Amino acid sequence: MTFRLPATSIEKYHLIDDRPSNPNVIGGNLTFSGQIDWEVANLAAEQTLRRHPLLCAHLERGRFGRWYWVADEKSFERVTWEMAEPGARIESPQVVDPRQRPLRLIVWKKGDQTVVGFRLHHAAVDGLAAFQALTDWLIAYHRIQTQSDRPKLRQLDPGRLRARNHLRLLSRKFLFKLWIQPIAMLGASKFIFRKVENIADFPGEPNRPADEEFQLITRELSGEALDNLQRQAEAARATVNELLIRSVFLGLHQFRRQSGKHTPGEWLRLMIPINIRDYSDRRLPAANRASIVQLDRTDRDFADPEGLIWTFNYELGNIRKWNLEKTFLLLVRCMSLFPGLLRRSARKQVCRATSVLTNLGAPMDRVKLPRNQGKIVAGNLTLDDFDLIVPLRPLTPVGFAALRYAGVQRLGMHFDPRQISRENANQLIDFVDQELHRGCDARPRGHSS
């Protein structure tokens, strides 16, 4: 059996943007207690690859230079676990070549725990798809290890992968709002021509080994601090996501002021991936089915931290209301119609965003596996915690990822030490963490003083 699928415009965009200095990789680290049964782990991985064929396919050029995802029977069975040396410091190795295979699995010891690091090229999957495959692997491991047929794995249809690029442009919902898309394209021009600030402090450490380039720092909120964050959101009639966005913006602003790089009137930009899956995608295997939106704010906006929250709600609400989350994908498709334009745009060395923020919410909450104090138990393994690593763009040295698990809100910051030192990276995430812990005095919407 051979799997062969044409690459989409957005997948080619992510592939073109890939380079040794800026690998376009999404991933994470799963920390387990318990001894991994590697025979079971291999069988579970093989089952998972058959359910999600893009994870083991490789990219190759066909006629007329077109890219195709290709996999055969051996691809599904070939599972390689890279075992790191004891005591090796591996936080987020990033070398993944989708021309060979878009997936790497790295294993290392962390005291009595075992960490499984997964690295996936962004041309193949987005963040939600990565966790879709991971939860399938956990369920398959549990079923094999316990010799049980529970819980059931959701039925998937690999044939749906051919529709992964569909934007439902002819749907009644989209056609009703078609008139606003040219206006959105025009509005997007401000993002193209507006100069945004980066927080790099070159030269950093440019000679670091390629597989140790990117590093991860995490902060956590649990117990009373997490309850307080949720109460803050309710008091401001906002969402936790909007508080996270505000905290990242204010943290970036404080960092630039503290470092002496701030200039009046400067613009900071946060790039936010956004899921575009709908009900018809419920049987879609892991794939890249996401777009991005961008939020720009100037230092004048930060003078009113409470009012800042409401602007995010208003802007993101309008994006959803008018289907503007598809504007970026439409722009990529338009560029792909002109020879060389997509390549020139993807490889252009400009600062596209000050930072990135991905919030996956609580991706493990719906996994129907046993729990121990809120933590997933898969066979003889307990998933103690996990981190998410987000892709970084040229001249965007840091990216944030937020998620909740077992009553803990985690905020991870993925950074490139060649562009920003660890000392400054720690200072930046401390500013963001302080904003998350700070009391919210925002007045509910509609309140008049």
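Counting the residues of region 109-137 that are within 19 Å of Leu153 (Cβ to Cβ) and aliphatic (A, V, I, L, M) gives 6.
Residue selection: Arg160 satisfies the criterion of being basic (Lys, Arg) and open to solvent by 30 Å² or more (accessible area, probe 1.4 Å).
Candidates are the residues of region 144-197 that are in contact with a helix residue (DSSP H, G or I) (Cβ under 8 Å, 6 or more places away or on another chain), of a type in the set (A, V, I, L, M, F, W, C) and closer than 30 Å to Pro264 by Cα; the one that is modelled with the highest pLDDT is Ala184.
Taken over region 357-401, the criterion of being over 21 Å from the mean Cα position of the chain (by Cα), surrounded by 19 or more Cβ atoms within 10 Å (Cβ to Cβ) and on the phi > 0 side of the Ramachandran plot is satisfied by Gly379 alone.
Is it the case that some residue within region 124-134 is part of a loop (DSSP other than H, G, I, E, B), of a type in the set (Gly, Ala, Ser) and within 21 Å of Leu392 (Cα to Cα)? Yes, region 124-134 contains at least one residue that is part of a loop (DSSP other than H, G, I, E, B), of a type in the set (Gly, Ala, Ser) and within 21 Å of Leu392 (Cα to Cα). Exactly one residue out of Arg443, Arg404 is basic (Lys, Arg), open to solvent by 30 Å² or more (accessible area, probe 1.4 Å), at pLDDT below 85 and more than 13 Å from Ser247 (Cβ to Cβ), and it is Arg443.
Only one of the numbered conditions (1) at pLDDT 95 or above; (2) in contact with a helix residue (DSSP H, G or I) (Cβ under 8 Å, 6 or more places away or on another chain); (3) not aliphatic (A, V, I, L, M) is violated by Phe118, and that is (1). Based on this model, can you work out whether Ser291 counts as surrounded by 15 or more Cβ atoms within 10 Å (Cβ to Cβ), within 30 Å of Cys56 (Cβ to Cβ) and touching a Lys or Arg at 6+ places or on another chain (Cβ under 9 Å)? So Ser291 passes the test.
Answer yes or no: is there a residue in region 391-398 that is in contact with a Gly (Cβ under 9 Å, 6 or more places away or on another chain), modelled with pLDDT under 90, of a type in the set (A, V, I, L, M, F, W, C) and under 13 Å from Ser355 (Cα atoms). Within region 391-398 (the criterion being in contact with a Gly (Cβ under 9 Å, 6 or more places away or on another chain), modelled with pLDDT under 90, of a type in the set (A, V, I, L, M, F, W, C) and under 13 Å from Ser355 (Cα atoms)), the answer is yes, since at least one residue qualifies.
Taken over region 300-335, the criterion of being open to solvent by less than 30 Å² (accessible area, probe 1.4 Å), under 24 Å from His262 (Cβ atoms) and of a type outside the set (Val, Ile, Thr) is satisfied by Phe302, Gly307, Leu308, Phe312.
The values are calculated or read from the model by the stated rules, or taken from the named source; none is laboratory data. Computed from a predicted structure; not experimentally measured. Positions of Cβ are backbone-derived with ideal geometry, glycine not excepted, and every protein chain shown enters the neighbour counts. What goes into the accessible areas is simple: the full protein's heavy atoms, side chains included, and nothing from ligands, DNA or RNA. Shrake-Rupley method; radii C 1.70, N 1.55, O 1.52, S 1.80 Å.
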